[in-house]
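Each remark here refers to the structure printed beneath this line.
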Amino acid sequence: MVADKLETAYPVDLIEMILQVCGAAGICHEIMRDEDYQYVERVLRNDIFAYFDKSDFKGKRILDFGCGSGASTMILARMFPESEITGIELVSDAVAVAQRRAEFYGYRNLSFLQCPTETSLPEHLGQFDFVILSAVYEHLLPNERKALMPRLWAFIQDGGYMFINQTPNQLFPFELHTTGMPLINYLPDSVTFHLARSLSPRVRRDQSWNDLLREGIRGATENEILQNLSREGGKPSMLEPKNGGLKDRIDLYYKNTGPRHKRLKTLARHVIRAIRAVSGFTIIPDLSLAFQKVSNEDLRPSTSKASIT
């Protein structure tokens, strides 16, 4: 639950800017995303450092796509002060807030750009070593996913990475992000839409299906993301967490849930691993995924010939 009041170090003009963009209902949420370590930063750090070391980012270019008002970008700037970070966002007022946040902190390694449209990116971005979508992918409409993901992938240099986290897993039995309802992830869109508007207290009766898609009702699957990335050159290779004693993404998810109900979580972890062994699907609530871009050159078979003496 988001606090209805909080103390903040932000100056008055920045608070007023956030109020204009997020409204009275969202201002505490937006400030907490940046200032409260437990709210966003803890999970983002856990997820990133499960796949990468801090040294992997030193001197590298990072693209924070869908940065909103810049909360995630501020966190990245604290994590990687020796990296060059670019935030991209569609809403101009949100970009203005992000720029003011960077000025407030005095961060010099940040820049922000506005997307021209929902399905296009700014020109002359150059190549990046990392592209990050934190709690973003689920809010893209289906046509936006198909258009934007290959374009973002094209901005990653060979050997670079795309990192996606806090995206609801559409294979999970409960749709926790938008409706809180069971099993609707497996139903046709028309049925899901009817049930969500009829039964979920989180959904208004005047909301359209596009509204619910924008809120993230359909989440994503690993295969969907892979298919969208594969539309562009460079093969995406999906990684498994390797740091901190983690074996896989199942371990990473349970690390993020905290220490409560340890026995129940241990049992659930065994069940999820058994399902993956049989089906190949990882049935955890949220996706935290890292993809490396393998160059087409690396995919070609060797043409070297043995010397004849």
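Observations on the structure shown:
- Considering the conditions (1) free of Cβ contacts under 8 Å to residues at least 12 places away in the same chain; (2) within 21 Å of G244 (Cβ to Cβ), E7 is excluded by exactly one of them, (2).
- Residues (touching a helix residue (DSSP H, G or I) at 6+ places or on another chain (Cβ under 8 Å) and either closer than 30 Å to L63 by Cα or touching a residue at least 12 places away in the same chain (Cβ under 8 Å) (or both)) located in the stretch 186-205: D189, T192, F193, L195, A196, V203
- Residue match in the stretch 89-104 (condition: aromatic (F, W, Y), out of contact with any Pro (no Cβ under 8 Å at 6 or more places or on another chain) and in the same structural domain as I31 (by TED's automatic domain parsing)): no
- Residues located in the stretch 2-40, provided they are over 21 Å from the mean Cα position of the chain (by Cα) and outside any helix (DSSP H, G or I): A3, D4, K5, L6, E7, T8, A9, Y10, P11
Conditions (1) assigned by TED's automatic domain parsing to the domain that holds Y186; (2) touching a strand residue (DSSP E or B) at 6+ places or on another chain (Cβ under 8 Å); (3) at pLDDT below 95, marked per residue:
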site	(1), (2), (3)
E224	no, no, no
G234	no, yes, yes
L239	no, yes, no
K242	no, no, yes
Y254	no, no, yes
P259	no, no, yes
V278	no, no, no
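- Residue pairs whose Cβ atoms lie under 8 Å apart, sitting 6 or more positions apart in sequence or on different chains, and linking a residue in the stretch 270-290 that is buried (at least 20 other Cβ atoms within 10 Å of the Cβ) to a partner that is small (G, A, S), are L287/G219; L287/A220; S288/A50.
- Within the stretch 166-179, being part of a loop (DSSP other than H, G, I, E, B) and touching a residue at least 60 places away in the same chain (Cβ under 8 Å) holds for L171, F172, P173, L176.
- Residue that is surrounded by the fewest Cβ atoms within 10 Å (Cβ to Cβ) [pool: residues in the stretch 235-260 that are within 16 Å of the chain's Cα centre (by Cα) and farther than 24 Å from I156 by Cβ]: N256
- Check on S208, free of Cβ contacts under 8 Å to residues at least 60 places away in the same chain, farther than 30 Å from E240 by Cβ, touching a strand residue (DSSP E or B) at 6+ places or on another chain (Cβ under 8 Å) and small (G, A, S): no
- Selection status of V21, touching a helix residue (DSSP H, G or I) at 6+ places or on another chain (Cβ under 7 Å) and either among the small types (G, A, S) or under 28 Å from Q292 (Cα atoms) (or both): no
So that you can scan it fast, the table gives a plain yes or no per residue for (1) hydrophobic (A, V, I, L, M, F, W, C); (2) at pLDDT below 95:
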position: H124; (1), (2): no, yes
position: H139; (1), (2): no, no
position: R145; (1), (2): no, no
position: I156; (1), (2): yes, no
position: T178; (1), (2): no, no
position: R214; (1), (2): no, no
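- The set of residues in the stretch 236-263 being over 20 Å from I132 (Cβ atoms) and basic (K, R) consists of K247, R260, K262, R263.
The values are calculated or read from the model by the stated rules, or taken from the named source; none is laboratory data. This is a predicted model, so every value here is computed, not measured. Quick reminder, even Gly has a Cβ in these numbers, built from the backbone with ideal geometry, and neighbours come from all protein chains shown.
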